[in-house]
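Everything on this sheet refers to the single structure shown next.
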Amino acid sequence: MRNNPFGSGGPLVSAIGQGTWRLDEGDRSSAIAALRIGLDSGMTHIDTAEMYGEAEPLVKEALGNRRDEVFLVSKVLPQNASRRGTVAACERSLRRLGTDRLDCYLLHWRGNYPLEETIAAFETLRAGGKILSWGVSNFDKEDLEETASIAGPGRIACNQVLYHLEERAIEHAVIPWCERNGVAVVAYSPFGHGEFPSLRTDKGKVLARIAARHDATPRQVALAFLTHRATIFTIPKAGSPDHARENAAAGNLALSEAEFMEIDKAFPRGPRPRALPMI
């Protein structure tokens, strides 16, 4: 598994991590086994959120006594992101996760509370050791610029955004801004939301051809494409141990420049949209 610096001067974090959105909706024992196999396979970046129902307690059970092995991330909902509300939400997440700190804490998306309030809360939590860093999610370039102007340079650890082969909007402005400013990009829903191309389609056949050259799977090829920059991480969900192993193996897959071009041609990024896509 490749491990890259998480933001400017941040710790080394696995390029491919583990997402938990809706993980609690499937078989609980299988989900816990998948998280543990993921850890064993090097996917030590685990992402969750207060919005994700029972995902935080599920992560707690999966981790057991392995907390120190993990780069653990959670998120505050925008309706809770006042100065006092953010601190209270973080403390609730810490209790549900059974830990005394988060490695990174994110604003899930932008809401009605001023960014100044949320950032002040983040800095209070960081000073108290309850979070080691903070970031944002679903922020476009203009939102990032405003956040940086309030917080100062080097404060934003990451921006978690929608990114998959059929949705490459962040390549226009978000990724370049983050790379210039030392901000990690974390791609959520890297297989789309029920949109991964079938092997019967032309796009699916491109992925299958490339996968066959590497004794890999089309989904592993997709993960390798999305994380080929050292500044980009991704957090696919796995509901079973086999799926976790498949995701983790993509961390050692290196595509050629010609293969990148094949994928780029099959999945063009299109024009920059007016609003940053999110789900």
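So GLY9 ticks every box in (1) under 29 Å from ILE119 (Cβ atoms); (2) at pLDDT 95 or above but one. Which box is left unticked?
GLY9 satisfies all of (1) under 29 Å from ILE119 (Cβ atoms); (2) at pLDDT 95 or above except (2).
ASN181 - would you say it is polar (S, T, N, Q) and surrounded by fewer than 21 Cβ atoms within 10 Å (Cβ to Cβ)?
So ASN181 passes the test.
Name every residue in segment 241-264 that is of a type outside the set (Asp, Glu), part of a helix (DSSP H, G or I) and free of Cβ contacts under 8 Å to residues at least 12 places away in the same chain, in order of residue number.
Here is the first cut: in segment 241-264, the ones of a type outside the set (Asp, Glu) are 241, 243-245, 247-256, 258, 260-261, 263.
So of that shortlist, the ones also part of a helix (DSSP H, G or I) come out as 241, 243-245, 247-252, 258, 260-261, 263.
Those that are of a type outside the set (Asp, Glu), part of a helix (DSSP H, G or I) and free of Cβ contacts under 8 Å to residues at least 12 places away in the same chain: ALA258, MET261.
Filter segment 53-88 for residues that are of a type in the set (Asp, Glu) and touching a residue at least 12 places away in the same chain (Cβ under 8 Å); which is nearest to SER30 (Cα to Cα)? Please lay out each step first, then the result.
Residues of segment 53-88 of a type in the set (Asp, Glu): 54, 56, 61, 68-69.
From the residues that got through so far, the ones that are touching a residue at least 12 places away in the same chain (Cβ under 8 Å) too are 54, 56, 61, 69.
Values: GLU54: 15, GLU56: 16, GLU61: 12, GLU69: 21 Å.
Within segment 53-88, the match that is nearest to SER30 (Cα to Cα) is GLU61.
Just give me the residues in segment 211-225 being under 15 Å from HIS164 (Cβ atoms) and surrounded by fewer than 21 Cβ atoms within 10 Å (Cβ to Cβ), in sequence order. Full working, then the answer.
Residues of segment 211-225 under 15 Å from HIS164 (Cβ atoms): 218-225.
The one that is under 15 Å from HIS164 (Cβ atoms) and surrounded by fewer than 21 Cβ atoms within 10 Å (Cβ to Cβ): ARG219.
Output the qualifying pairs, or none if there are none: Cβ atoms under 7 angstrom, residues six or more apart or on different chains, first residue in segment 211-222 and farther than 11 Å from GLU259 by Cβ and without any contact (Cβ under 8 Å) to a residue 40 or more places away in the chain, second residue among the small types (Gly, Ala, Ser) and assigned to a helix (DSSP H, G or I).
THR217/ALA211; PRO218/GLY204; PRO218/ALA208; PRO218/ALA211; GLN220/ALA211; GLN220/ALA249; GLN220/ALA250
Of all residues in segment 112-129, count the ones that are surrounded by fewer than 20 Cβ atoms within 10 Å (Cβ to Cβ) and under 20 Å from the mean Cα position of the chain (by Cα).
0
Would you confirm whether any residue within segment 75-95 is of a type in the set (A, V, I, L, M) and within 17 Å of ILE235 (Cα to Cα)?
Residues of segment 75-95 of a type in the set (A, V, I, L, M): 76-77, 81, 87-89, 94.
Now drop any that are not within 17 Å of ILE235 (Cα to Cα), which leaves none.
No.
Only one of these is at pLDDT below 95, over 22 Å from ALA222 (Cβ atoms), not in a helix (DSSP H, G or I) and not β-branched (Val, Ile, Thr): PRO197, PRO153. Name it.
Details: PRO197 fails: over 22 Å from ALA222 (Cβ atoms).
Going through PRO197, PRO153 in turn, the sole match is PRO153.
If you take the residues of segment 184-203 that are closer than 20 Å to ILE46 by Cβ and in contact (Cβ under 8 Å) with a residue 60 or more places away in the chain, which of them is surrounded by the most Cβ atoms within 10 Å (Cβ to Cβ)? Don't jump to the end; show me each part of the working.
Of all residues in segment 184-203, those closer than 20 Å to ILE46 by Cβ come to 184-191.
Now narrow it down to the ones that are in contact (Cβ under 8 Å) with a residue 60 or more places away in the chain: 184, 186, 188-189.
On the way: ALA184: 25, VAL186: 27, TYR188: 21, SER189: 21.
If we take residues in segment 184-203 being closer than 20 Å to ILE46 by Cβ and in contact (Cβ under 8 Å) with a residue 60 or more places away in the chain, then VAL186 is surrounded by the most Cβ atoms within 10 Å (Cβ to Cβ).
Identify, from the list ALA81, ALA88, the residue that is more than 22 Å from ALA15 (Cβ to Cβ) and in contact with a Ser or Thr (Cβ under 8 Å, 6 or more places away or on another chain).
On the way: ALA88 fails: in contact with a Ser or Thr (Cβ under 8 Å, 6 or more places away or on another chain).
Just one listed residue meets the conditions, ALA81.
Return the residue satisfying two criteria in turn: it lies in segment 73-110 and is of a type in the set (S, T, N, Q) and buried (at least 24 other Cβ atoms within 10 Å of the Cβ), and of such residues it is nearest to VAL186 (Cα to Cα).
Looking only at segment 73-110, we keep the residues that are of a type in the set (S, T, N, Q), and these are 74, 79-80, 82, 86, 93, 99.
Pick out the ones that are also buried (at least 24 other Cβ atoms within 10 Å of the Cβ) and you get 74, 86.
Details: SER74: 13, THR86: 21 Å.
Across segment 73-110, the extreme among qualifying residues is SER74.
Confirm whether LEU23 is modelled with pLDDT under 95, over 30 Å from ALA148 (Cα atoms) and of a type in the set (A, V, I, L, M, F, W, C).
On the way: modelled with pLDDT under 95: yes; over 30 Å from ALA148 (Cα atoms): yes; of a type in the set (A, V, I, L, M, F, W, C): yes.
Taking the combined requirement at face value, the residue satisfies it.
Out of the residues in segment 203-222 that are within 13 Å of GLU246 (Cα to Cα) and assigned to a loop (DSSP other than H, G, I, E, B), which is farthest from the chain's Cα centre (by Cα)? Break it down into steps so the answer makes sense when it comes.
Residues of segment 203-222 within 13 Å of GLU246 (Cα to Cα): 211, 215-222.
In the following step, the residues that additionally are assigned to a loop (DSSP other than H, G, I, E, B) were identified as 215-217.
Working: ASP215: 26, ALA216: 22, THR217: 21 Å.
Among them, the one singled out is ASP215.
Restricting to segment 32-72, what's the tally of residues that are of a type in the set (D, E, K, R), within 17 Å of SER133 (Cβ to Cβ) and either buried (at least 17 other Cβ atoms within 10 Å of the Cβ) or at pLDDT below 95 (or both)?
Step one: filter segment 32-72 for residues of a type in the set (D, E, K, R), giving 36, 40, 47, 50, 54, 56, 60-61, 66-69.
Among the residues that remain, those that are also within 17 Å of SER133 (Cβ to Cβ) are: 47, 67-68.
With the extra rule that they be either buried (at least 17 other Cβ atoms within 10 Å of the Cβ) or at pLDDT below 95 (or both), the set shrinks to 47.
So the answer is 1.
Check PRO153 against each of (1) touching a helix residue (DSSP H, G or I) at 6+ places or on another chain (Cβ under 8 Å); (2) of a type outside the set (Gly, Ala, Ser); (3) farther than 14 Å from VAL76 by Cα and name the one condition it does not meet.
If we test PRO153 against (1) touching a helix residue (DSSP H, G or I) at 6+ places or on another chain (Cβ under 8 Å); (2) of a type outside the set (Gly, Ala, Ser); (3) farther than 14 Å from VAL76 by Cα, just (1) comes out false.
Do we have SER29 as modelled with pLDDT of 95 or more, of a type in the set (Gly, Ala, Ser) and under 18 Å from the mean Cα position of the chain (by Cα) here? Give the steps one after another, and end with the answer.
Values: modelled with pLDDT of 95 or more: yes; of a type in the set (Gly, Ala, Ser): yes; under 18 Å from the mean Cα position of the chain (by Cα): no.
It is false that SER29 is modelled with pLDDT of 95 or more, of a type in the set (Gly, Ala, Ser) and under 18 Å from the mean Cα position of the chain (by Cα).
The values are calculated or read from the model by the stated rules, or taken from the named source; none is laboratory data. Model, not experiment: these values are computed from the prediction. All Cβ positions, glycine included, derive from the backbone under ideal geometry; neighbour counts span all protein chains shown.
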